[in-house]
Amino acid sequence: QVHVVESGGGLVQAGGSLRLSCTAPGLTFSMYAMAWFRRAPGKDREFVVAMDRSSGRTYYAASVKGRFTGSRDNNKNTVYLQMNNLKPEDTAVYYCAARHGSLDFAYIRIFEYDYWGQGTQVTVSS
């Protein structure tokens, strides 16, 4: 059993910043690729960023590249999503996901991931 927990969401004005954190007690992070997805109001869940388990490779959705930074600290069993220059269209529930093993070429697809958190709400006002 893996329990994934996101935190750090909140309300922020456009142009502001937030940092999300994701932990999974009992999970050895070095064995898992990690990712962030989000679901905006009225839309499907979409890919944001994926981080391979040990290679340091990080992949971003075009909509967030240059504004968001995904990172991980395997020693702390924590992954992060630093979100800068937030826009109203970034408003969504943000989900942390874990995939056993390394990423493959389908890393933007939700079915690639084995475990999901319950999400944390990010609201960006204009």
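Annotations for the structure displayed:
- Unique match (being under 14 Å from the mean Cα position of the chain (by Cα), modelled with pLDDT under 95 and aromatic (F, W, Y)) among Y107, Y59: Y107
- The number of residues in the range 74-96 being modelled with pLDDT of 95 or more and assigned to a helix (DSSP H, G or I) comes to 3.
- From D44, D114, residue being of a type in the set (D, E), farther than 19 Å from S21 by Cα and surrounded by fewer than 19 Cβ atoms within 10 Å (Cβ to Cβ): D44
- Filter result for V49 (assigned to a loop (DSSP other than H, G, I, E, B) and either among the polar types (S, T, N, Q) or modelled with pLDDT of 95 or more (or both)): no
- In the range 74-96, of all residues being among the polar types (S, T, N, Q) and at negative phi, the one that is surrounded by the fewest Cβ atoms within 10 Å (Cβ to Cβ) corresponds to N75.
- Of the residues making up the range 1-28, those that are within 14 Å of the chain's Cα centre (by Cα) and either open to solvent by 30 Å² or more (accessible area, probe 1.4 Å) or not acidic (D, E) (or both) are V4, V5, S7, G8, G9, L18, R19, L20, S21, C22, T23, A24.
- Residues of the range 58-73 that are assigned to a loop (DSSP other than H, G, I, E, B), of a type in the set (D, E, K, R) and open to solvent by less than 50 Å² (accessible area, probe 1.4 Å): R67 alone.
- Candidates in the range 97-119 are the residues that are of a type in the set (A, V, I, L, M, F, W, C) and not in a strand (DSSP E or B); of these, the one that is farthest from G8 (Cα to Cα) is F105.
The values are calculated or read from the model by the stated rules, or taken from the named source; none is laboratory data. All values reported here derive from a predicted model rather than from experimental measurement. Here Cβ is always computed from backbone atoms with ideal geometry, including for glycine, and neighbour counts include all displayed protein chains. What goes into the accessible areas is simple: the full protein's heavy atoms, side chains included, and nothing from ligands, DNA or RNA. Shrake-Rupley method; radii C 1.70, N 1.55, O 1.52, S 1.80 Å.
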